[in-house]
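Worksheet for the structure shown next.
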Amino acid sequence: MVIKSIRFPLQVGVVGTGYAANARAEALKADDRVHLRAVAGHSPATTQAFAQTYGMEPCDTWQTLVGRPDLDLILVATANYLHGPIVRAALEAGKHVVVEFPLTLDLAEADALLTLARSQQCLLHIEHIELLGGLHQASRQFLPQVGEIFAVDYATVTPQRPAPRRWTYHREWFGFPLMGALSRIHRLTDLLGIVATVSCQLRYWDDPTIAPSNPYYTTCLCQAQLQFDQGIVATVTYGKGEALWQTARSLTIQGKQGALLFEGDTGQLVTAAGTQDIALGSRRGLFAQDMQQVLAYLQAGTPLYVTPEASLYALKVADAARRSAASQQVIAIA
């Protein structure tokens, strides 16, 4: 995609003050291609603290930040339900945008935002740092050695007691679990290709101490079955909260000539010849890698590791899972 001419150093604004926002600011603070200019957070206190840490100007709202004419690039690292409105406002103002996944919780809006970015000749980069990590890179490297794949099981389950009263445990603010945690779908679509059908089941445990109308929950458990065009069946399990008791962070890929087994930070390739340990390396520094690729793209046109179209496709599959969970029907993806 052709993007409009860019001045350096880039003047950068950040929306959000949490973990991802801090990781990105840390990655950029010493880069002479960037000037961290302004920040807008959830509250005046967190905004002020972030601004002081990174030598930035605090803004009272994200609307004020996005409207500043001195900013070139907006980093969006806040609650999921706000991503769409902020990205739209930034693109309409002619800013380049980096946003944490998901781009938005609405599939039609996501498609419209990609169209808007193209018409504005602005970068729209949707972060998917899991594709840069050791687990994904090892999966891709060793995948040919297991032969024809027929089954995949991917699980991330996080017990948490007590469940925090945060946006990540809020139905509307986090969104449907496999949309809010889109990387679970995207890892598989990146490795395995096109999905034919999706079926999904979802259960929430509500907080018994609050009114039934309150959208916070104490636990969610979501499980989807993806049937790929190649005939592969993949099960994706995502859960978090108080009702869960066993942590899971695993990926199993079964092929006719072997299997890949990943558990936590360890991996193995199992074939008729025996078992081979796979080193996965550290998960640290992925936000920095992501930002370095963004800067290389803006400066020299170096291709990024992920496209917005690939993220949109993963969101399409996740939205099919949402519709399946609501209808209890198998959803075919065109």
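The values are calculated or read from the model by the stated rules, or taken from the named source; none is laboratory data. These numbers come from a predicted model, not from an experiment. Note that we place each Cβ from the backbone using ideal geometry, even for glycine, and neighbour counts take in every protein chain shown.
Is it true that some residue in the range 12-32 is closer than 23 Å to Ala117 by Cβ and surrounded by fewer than 22 Cβ atoms within 10 Å (Cβ to Cβ)? Looking for residues that are closer than 23 Å to Ala117 by Cβ and surrounded by fewer than 22 Cβ atoms within 10 Å (Cβ to Cβ), one finds at least one in the range 12-32, hence yes.
Okay, residues lined up against (1) under 30 Å from Asn214 (Cβ atoms); (2) among the hydrophobic types (A, V, I, L, M, F, W, C); (3) touching a Cys at 6+ places or on another chain (Cβ under 7 Å):
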| residue | (1), (2), (3) |
| --- | --- |
| Gln137 | no, no, no |
| Ile149 | no, yes, no |
| Val157 | yes, yes, no |
| Pro164 | yes, no, no |
| Tyr169 | yes, no, no |
| Pro177 | yes, no, yes |
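Note on the range 158-203: residues that are charged (D, E, K, R) and assigned to a strand (DSSP E or B) amount to 1. Number of residues in the range 75-98 that are closer than 19 Å to Ile129 by Cα and either part of a loop (DSSP other than H, G, I, E, B) or touching a Gly at 6+ places or on another chain (Cβ under 9 Å) (or both) equals 6. For the range 60-74, check the following and say yes or no: at least one residue is within 21 Å of Pro308 (Cα to Cα), touching a residue at least 12 places away in the same chain (Cβ under 8 Å) and assigned to a strand (DSSP E or B). Yes: one or more hits. Residues that are on the phi > 0 side of the Ramachandran plot and assigned by TED's automatic domain parsing to the domain that holds Leu116 do occur in the range 80-99, at least one of them.
Is it true that some residue in the range 23-37 is touching a residue at least 12 places away in the same chain (Cβ under 8 Å), in contact with a His (Cβ under 6 Å, 6 or more places away or on another chain) and not aromatic (Phe, Trp, Tyr)? No, that holds for no residue. Annotation: of all residues in the range 94-115 being loosely packed, with under 15 Cβ neighbours inside 10 Å and either small (Gly, Ala, Ser) or touching a Cys at 6+ places or on another chain (Cβ under 8 Å) (or both), the one that is farthest from Leu71 (Cα to Cα) is Ala108. Within the range 36-57, the set of residues being surrounded by fewer than 18 Cβ atoms within 10 Å (Cβ to Cβ), on the phi < 0 side of the Ramachandran plot and not hydroxyl-bearing (Ser, Thr, Tyr) comprises His42, Pro44, Ala45, Gln48, Ala49, Gln52, Glu57. Scanning the range 286-328 for residues being without any contact (Cβ under 8 Å) to a residue 40 or more places away in the chain, farther than 20 Å from Leu103 by Cα and either in a helix (DSSP H, G or I) or assigned by TED's automatic domain parsing to the domain that holds Phe101 (or both) gives a total of 4.
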